[in-house]
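Chemist: Here's a structure for you.
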Amino acid sequence: MYKQPREVHEARIYTQAYRVYGLIYLVPGAGTADLLNQEKPYLPVTGALLYTPGYTHPPEAKDLKASTGFLALRKERIQWVVGGKPSEPRTSPSLLERRRPAFLYGDYLLAGDLLLPRGVRLSDHLSQTKPFQTLLEAKLYVLTPNKPIVDLEPLETFPFVTLNLRRAEAVAEAPGEAQDPRLTLFG
């Protein structure tokens, strides 16, 4: 039992091995990233359904691998989470700016608005900040051969997702945010 009251939230948790659907428990006033950035190595999930890895939602019934009343999921294995609540910045909004990067996870990417300290380079911020961050107005894109990232269309949109920056394989410009580099680099 928790020592302080908790709010129950539905969540979809994506790892390389599973898509986990279940309930997570947040401290009132805290967000999903706050919970995941705590020092405890496991995330308690109740009513967990474990599906094959992937990004499609809803999952197909044939993709269900297991179900359990309780699952302690290793936070370091989590790639990203849909659900819970967005974490609020601990800094004055006037000191922050929105940037729109895209984070690569296998054959898909997530793009959205990330709040960064004003004037800080994205690469510096990503290497020094806590692993779990809130990505606002997020969109999921599937990589397509012979189609530049900047031209991809979203498969799914979310008000926010919580990303594990340590599990992202790369960071790129978000679709629609830049020019196709092949036009100048490769003729």
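The values are calculated or read from the model by the stated rules, or taken from the named source; none is laboratory data. These numbers come from a predicted model, not from an experiment. Methodologically, a virtual Cβ is constructed for each residue, glycine included, from the backbone with ideal geometry; neighbour enumeration extends over all protein chains shown. In case anyone asks, the SASA skips ligands and DNA or RNA and just uses the protein heavy atoms, side chains included. Shrake-Rupley method; radii C 1.70, N 1.55, O 1.52, S 1.80 Å.
Chemist: Does segment 81-118 hold any residues that are among the β-branched types (Val, Ile, Thr) and either part of a strand (DSSP E or B) or within 12 Å of the chain's Cα centre (by Cα) (or both), and which are they?
Modeler: Of everything in segment 81-118, those that are among the β-branched types (Val, Ile, Thr) and either part of a strand (DSSP E or B) or within 12 Å of the chain's Cα centre (by Cα) (or both) turn out to be VAL81, VAL82.
Chemist: Would you check if ALA172 is in contact with a helix residue (DSSP H, G or I) (Cβ under 7 Å, 6 or more places away or on another chain), of a type in the set (Gly, Ala, Ser) and modelled with pLDDT under 90?
Modeler: yes
Chemist: Another question, if that's okay. Limited to segment 127-146, what total is found for residues that are open to solvent by 30 Å² or more (accessible area, probe 1.4 Å) and either touching a residue at least 40 places away in the same chain (Cβ under 8 Å) or in a strand (DSSP E or B) (or both)?
Modeler: 7
Chemist: Shifting gears a bit: In segment 2-44, which residues are part of a strand (DSSP E or B) and touching a helix residue (DSSP H, G or I) at 6+ places or on another chain (Cβ under 9 Å)?
Modeler: Of everything in segment 2-44, those that are part of a strand (DSSP E or B) and touching a helix residue (DSSP H, G or I) at 6+ places or on another chain (Cβ under 9 Å) turn out to be HIS9, ALA11, THR15, ARG19, ILE24, TYR25, LEU26, TYR42, LEU43.
Chemist: Now for a different question. Within segment 74-88, does at least one residue satisfy the condition of being over 17 Å from GLU156 (Cβ atoms) and modelled with pLDDT under 95?
Modeler: yes
Chemist: Report, by residue number, each residue of segment 45-80 that is without any contact (Cβ under 8 Å) to a residue 24 or more places away in the chain, open to solvent by 60 Å² or more (accessible area, probe 1.4 Å), outside any loop (DSSP other than H, G, I, E, B) and in contact with a strand residue (DSSP E or B) (Cβ under 9 Å, 6 or more places away or on another chain).
Modeler: Within segment 45-80, LEU64, SER67 meet the criteria.
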